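The values are calculated or read from the model by the stated rules, or taken from the named source; none is laboratory data. All values derive from a computational prediction rather than experimental measurement. All Cβ positions, even for glycine, are placed from backbone atoms using ideal geometry, and neighbour counts span all protein chains on display.
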Amino acid sequence: MDRCTPGEHLPQALPLDRTRQAAPQVFEQLREQILSLRLAPGAVLSRLALQRAFGLSQTPIRDALGRLAEDGLVDVFPQHATRVSRIHLGAAREAHALRLAIELEAVRVVAEAPAPAVLAGLCKVAEEQQRSAAAGEYGPFIAADAVFHRVLCQAAGMAGLWEIVRRHSGHLDRLRRLHLPDPGKVEAILRDHERLIVALQQGDPAAAQAALRAHLSGTLGMVEQIRARHPGYITE
């Protein structure tokens, strides 16, 4: 078993698809572990340990860490260390503004001409979330939440914009992950999605936008409480 020096963290390394480029797969695995907080803010990532864990040379590991640095998820200190970045509130607020602008337009478009197939898809995802919530499974719950919002954007012809939101939401997503275990938060998300679906079914753009705005504002409204519980994870 590989051993890390004090302060270093060895991520879980899942088998790679050898028919695909390695660096993007390493990037996605590390990104998911950072967003889920399995790799917490401040965790030290050893390039040598990563090479051993994934069975790769230094080049794909360097490329994967470079992409994570571009997305603000790691801080690279040349010749010293690579650390998982702390959650930057300024970046989280910017991501929220971007996401709100794009999704408000998406729900307006969908509500103006609600397609039965889209509504059925949203209902199916909402049901998957409910099952995950009942089982206390945060990982599948969060994954279903992402699918719910992606479906909205795709239905509005904004799939490319959703990918931009996804790439820039790392700090916001981690903040939301810290907020999720709070009492009532999961239930609030489920209620928000239900209200949004009803507004879309009724073809009411104003109600759909109001439901979305309320839904996306919850976590940033609780920043101080979240920071008080996790002071080492968050920075301005």
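Quick one: which of Leu16, Leu10, Leu50 is more than 23 Å from Arg167 (Cβ to Cβ) and modelled with pLDDT under 95?
Working: Leu16 fails: more than 23 Å from Arg167 (Cβ to Cβ); Leu50 fails: more than 23 Å from Arg167 (Cβ to Cβ).
Result: Leu10 is the single residue among Leu16, Leu10, Leu50 that is more than 23 Å from Arg167 (Cβ to Cβ) and modelled with pLDDT under 95.
Out of everything in segment 192-220 that is closer than 21 Å to Val165 by Cβ and assigned to a loop (DSSP other than H, G, I, E, B), what residue ends up being modelled with the lowest pLDDT?
Only one residue tops the list, namely Gly218.
Restricting attention to segment 181-217, report how many residues are touching a Phe, Trp or Tyr at 6+ places or on another chain (Cβ under 9 Å) and of a type outside the set (A, V, I, L, M).
The total comes to 2.
Could you check segment 1-113 for helices (runs of 4 or more DSSP H) lying wholly inside it with 1 or more residues that are without any contact (Cβ under 8 Å) to a residue 60 or more places away in the chain and under 30 Å from Pro205 (Cβ atoms)?
The qualifying helices (runs of 4 or more DSSP H) are 89-112.
Give Leu216, Leu220 a once-over and let me know the one that is touching an Asp or Glu at 6+ places or on another chain (Cβ under 8 Å) and under 30 Å from Ala43 (Cα atoms).
Among Leu216, Leu220, only Leu216 is touching an Asp or Glu at 6+ places or on another chain (Cβ under 8 Å) and under 30 Å from Ala43 (Cα atoms).
Would you mention how many residues in segment 18-45 are of a type in the set (Val, Ile, Thr), buried (at least 20 other Cβ atoms within 10 Å of the Cβ) and closer than 16 Å to Ile87 by Cα?
Of the residues in that region, 1 qualify.
So if I check each of Phe148, Phe141, which one is surrounded by 17 or more Cβ atoms within 10 Å (Cβ to Cβ), more than 30 Å from Gly232 (Cβ to Cβ) and under 16 Å from the mean Cα position of the chain (by Cα)?
Among Phe148, Phe141, only Phe148 is surrounded by 17 or more Cβ atoms within 10 Å (Cβ to Cβ), more than 30 Å from Gly232 (Cβ to Cβ) and under 16 Å from the mean Cα position of the chain (by Cα).
Out of all the residues in segment 151-184, which are of a type in the set (D, E, K, R), surrounded by 15 or more Cβ atoms within 10 Å (Cβ to Cβ) and over 11 Å from the mean Cα position of the chain (by Cα)?
Selection gives Asp182 alone.
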